[in-house]
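The values are calculated or read from the model by the stated rules, or taken from the named source; none is laboratory data. From a predicted model like this one, the values you see are computed outputs, not experimental measurements. Every residue, glycine among them, receives a Cβ derived from its backbone with ideal geometry; neighbour counts consider all protein chains shown.
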Amino acid sequence: MRFGEMLREARSAKGLTHAELGADVYSTHFVSLLERGLRQPTAEMVQHFADRLGMDAQTLNWWVEPPSSDDPAALTTAMLAANYARDMQDDALAASEAEYAASIAQEQRNAPAWWDMSMLQAQSLIALRRLDEAEVVLVRMENSSLMVATPELRSVVHGRLSTIARNRGRLVEALELAQQSMASAADLPDQSPARLQAAFILIAALSVKGDLDAAWDVATSLDISEGTPYVPSLLVARGAWTIGNVAFRRGDVEVGREQHALAARLLLPQADLERWADFHKASANFKVQAGLVDDSVRTSIRNAELGLSLVGTPGQRLELTLTRAGFALLTH
């Protein structure tokens with residue numbers, strides 16, 4: 001009996017659906033792939049399914065066929081599947097496929113492939129707001145012998161970890177990680193995406209911690225604007241969003257408006273609906289707190305309502321409701 005057959009029989013015996021077995025950790029499609037023998041589980045997957053099925057993980061692991069260490073085609077196929085899931089914006093499937101592909105890359109000691117797939121897994125988990133799992137992946141990347149010790153890659157890992165720590169309220173740790181990210185990127189060209197990304201993360205960490213003057217010093221040292229050569233427009237948008245936030249917090253409303261207007265022009269819902277909606281929610285809130293009641297506020301509220309109706313959480317929609325109420329008080 002193969003792993004997939006064992007998994008299907010155990011699931012049926014427990015009366016669980018694919019969705020119940022996956023439990024919002026692994027997509028129903030990926031569970032189906034496992035049961036049909038088209039994928040093999042990682043150690044983390046085995047532990048998850050054993051917990052869901054009330055089985056001993058070692059017993060379930062007996063049926064696993066480990067990935068081949070000398071089958072390049074298997075790794076190529078797995079990476080294509082992960083990248084396809086990403087392109088289809090199916091974050092749950094992308095996280096599962098990337099985890100599987102990374103396990104094959106690790107078995108084959110293919111450092112670049114392992115890096116790419118581990119980072120895709122972490123990014124997909126972050127998009128799903130499964131931050132604890134993403135943090136585990138990133139810490140594993142930082143400590144792995146397969147980690148390619150280049151300044152750019154270390155900067156990216158520390159930056160992602162800083163963002164997670166900030167979202168979890170661990171502000172001192174977030175600042176330390178952001179500073180490490182910036183230090184790793186210090187020798188990269190000024191306009192390199194990794195260095196700019198590190199700077200934006202440092203600005204956010206300083207700002208949230210309340211060090212607005214230090215955040216502003218970093219912001220004003222950057223040279224970014226719409227049409228900056230070699231800098232992706234989405235990265236410029238993120239920078240404008242971050243710098244605008246600091247400006248609003250400092251009471252520099254005009255600069256905040258200008259930077260948020262730039263971000264609004266560059267962020268597109270078809271490129272990243274969740275980020276687009278989150279930006280407009282945040283921008284509307286900053287402007288209402290600043291006492292602004294112009295058309296840009298109405299547009300941001302309308303865009304946020306549209307986006308969050310599709311991809312938002314209850315907490316985000318509640319925040320938007322409070323912003324809308326504040327706007328109503330200012331206009332009546």
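What to note about this one:
- Of all residues in region 102-110, none are crowded, with 18+ Cβ neighbours inside 10 Å, of a type in the set (Ser, Thr, Tyr) and at pLDDT 95 or above.
- When SER124 is tested against (1) within 23 Å of ALA23 (Cβ to Cβ); (2) surrounded by fewer than 23 Cβ atoms within 10 Å (Cβ to Cβ), exactly one condition is not met: (2).
- For region 251-287, residues that are in contact with a His (Cβ under 8 Å, 6 or more places away or on another chain) and under 21 Å from ASP87 (Cβ atoms) total 0.
- Being within 18 Å of GLU5 (Cβ to Cβ) and not in a helix (DSSP H, G or I) holds for only one residue in GLN40, GLN89, and it is GLN40.
- All positions within region 250-277 that are modelled with pLDDT of 95 or more, among the small types (Gly, Ala, Ser) and touching a helix residue (DSSP H, G or I) at 6+ places or on another chain (Cβ under 8 Å): GLY256, ALA261, ALA263, ALA264, ALA277
- Total residues in region 78-119 satisfying the condition of being on the phi > 0 side of the Ramachandran plot and under 15 Å from the mean Cα position of the chain (by Cα): the figure is 1.
- Residue among MET55, MET88 that alone is modelled with pLDDT of 90 or more and either aliphatic (A, V, I, L, M) or buried (at least 20 other Cβ atoms within 10 Å of the Cβ) (or both): MET55
- Neighbours by Cβ (under 7 Å, 6+ apart or cross-chain): first from region 22-34, over 17 Å from ALA10 (Cβ atoms); second surrounded by 21 or more Cβ atoms within 10 Å (Cβ to Cβ) and not hydrophobic (A, V, I, L, M, F, W, C): SER27/SER96
- Only helices (runs of 4 or more DSSP H) whose full extent lies in region 228-332 are considered here, and none of them has at least 2 residues that are assigned by TED's automatic domain parsing to the domain that holds TRP216, surrounded by fewer than 18 Cβ atoms within 10 Å (Cβ to Cβ) and of a type in the set (Ser, Thr, Tyr).
- Checking each residue in region 139-191 for being more than 27 Å from ALA214 (Cα to Cα) and crowded, with 23+ Cβ neighbours inside 10 Å picks out only MET141.
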